[in-house]
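K.L.:
Below is the structure I would like to discuss, written out as structure tokens.
The values are calculated or read from the model by the stated rules, or taken from the named source; none is laboratory data. The structure displayed is predicted, hence computed values, not measured ones. Cβ sites come from the backbone with ideal geometry, for glycine too, and all protein chains shown count toward neighbours. Ligands, DNA and RNA are stripped out before the accessible areas are found, and what is left, the full protein with its side chains, is counted by its heavy atoms. Shrake-Rupley method; radii C 1.70, N 1.55, O 1.52, S 1.80 Å.
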Amino acid sequence: QVQLVESGGGSVQPGGSLRLSCAASGSIFRITRMGWSRQAPGKQRELVAHITDGGSTTYADSVKGRFTISRDNAKNTVYLELNSLKPDDTAVYYCYANTWAGDYWGRGTQVTVSS
């Protein structure tokens, strides 16, 4: 089992920034990749970014150049830096972990971008 706890969401104005954190605990040795997805009201959940245990990253086209994913292996934590935020970025952001035994999800953290 892997437990994921997100933090760092909030409300910001367009153009603002936030930093999300996701702390992993439990059977973390099984994790091969961690990432973030988001779900806006009335829309399907979509991939935002992920990072492999080797450090390779992937981003959705909609966030390239604005969001940055990173990980601190010593702290078992993944971060998502959100810059130049737009109203379309408003969503619940979920952390996830891929392991050999299955996928795990956090409960999500709300990000609201509004003037």
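K.L.:
Which of the peptides 94-103, 35-44 is most tightly packed, and how do the rest follow, going by the mean number of other Cβ atoms within 10 Å of each residue?
P.N.:
Taking the mean over residues of other Cβ atoms within 10 Å, the ranking is 94-103, 35-44.
K.L.:
When you count, for each residue, the other Cβ atoms within 10 Å and take the mean per peptide, how do 13-23, 52-62 rank with the highest first?
P.N.:
Order by mean packing, descending: 13-23, 52-62.
K.L.:
Give the long-range amide H neighbours of Gly26: residues separated by 5 or more places, or on another chain, with amide H under 5 Å away, using H modelled in the peptide plane at 1.01 Å from N.
P.N.:
Placed amide hydrogens put Gln3 under 5 Å from Gly26.
K.L.:
Can you give me the long-range amide H partners of Lys86? Hydrogens built in the peptide plane at 1.01 Å from N, cutoff under 5 Å, separation of 5 or more residues or another chain.
P.N.:
Gly15
K.L.:
Fully extended, how many nm does the chain gain between Asn83 and Ile28 (0.36 nm per residue separation, minus their Cα-Cα distance)?
P.N.:
Taking Asn83 through Ile28 to full extension adds about 16.9 nm, to one decimal.
K.L.:
Out of the total accessible area of the chain (probe 1.4 Å, heavy atoms of protein only), what percent is carbon and sulfur?
P.N.:
Heavy-atom surface of the chain belonging to carbon and sulfur, 1.4 Å probe: 45 percent.
K.L.:
Name the shape class, rounded, prolate or oblate, that the alpha-carbon gyration tensor gives for region 61-106, where a ≥ b ≥ c are the square roots of its eigenvalues, rounded holds for a/c under 1.5, and otherwise prolate holds if a/b is larger than b/c and oblate otherwise.
P.N.:
Judged from the Cα gyration tensor, region 61-106 comes out prolate (a/c at least 1.5, a/b above b/c).
K.L.:
What aspartates and glutamates sit close enough to Lys75 to cross-link, taking a C-alpha to C-alpha distance under 14 Å and skipping anything fewer than 8 places away on the same chain?
P.N.:
By straight Cα distance, Lys75 reaches Glu6, Asp53.
K.L.:
Here is a follow-up. Please report the base-10 log of the normalised intensity I(q)/I(0) for region 11-76, using a Debye sum with one equal scatterer per alpha carbon and no solvent, at each q in 0.17 (1/Å).
P.N.:
Debye curve over Cα of region 11-76, log10 I(q)/I(0) at q = 0.17 Å⁻¹: -0.72.
K.L.:
Run down the lysines and flag those whose C-alpha is under 29 Å from the C-alpha of Lys86, throwing out any fewer than 8 positions away in its chain.
P.N.:
Filter leaves Lys43, Lys64.
K.L.:
Follow-up. Provide the FRET efficiency to the nearest 0.05 for the Gln13-Thr52 pair, computing r from the beta carbons and using R0 = 30 Å.
P.N.:
Approximately 0.35, to the nearest 0.05.
K.L.:
I'd like to check one number: the per residue accessible area of region 1-114, probe 1.4 Å, reported in Å² as a whole number.
P.N.:
Heavy-atom accessible area per residue stands at 53 Å².
K.L.:
In whole Å, how far is the Cα centre of region 92-111 from that of region 1-28?
P.N.:
Between the Cα centre of region 92-111 and that of region 1-28, the gap is 10 Å.
K.L.:
Pop a pseudo-label 7 angstrom from the Cα along the beta-carbon direction at both Thr112 and Ala74 and give the gap in nm to one decimal.
P.N.:
The modelled label-to-label distance comes out at 3.7 nm.
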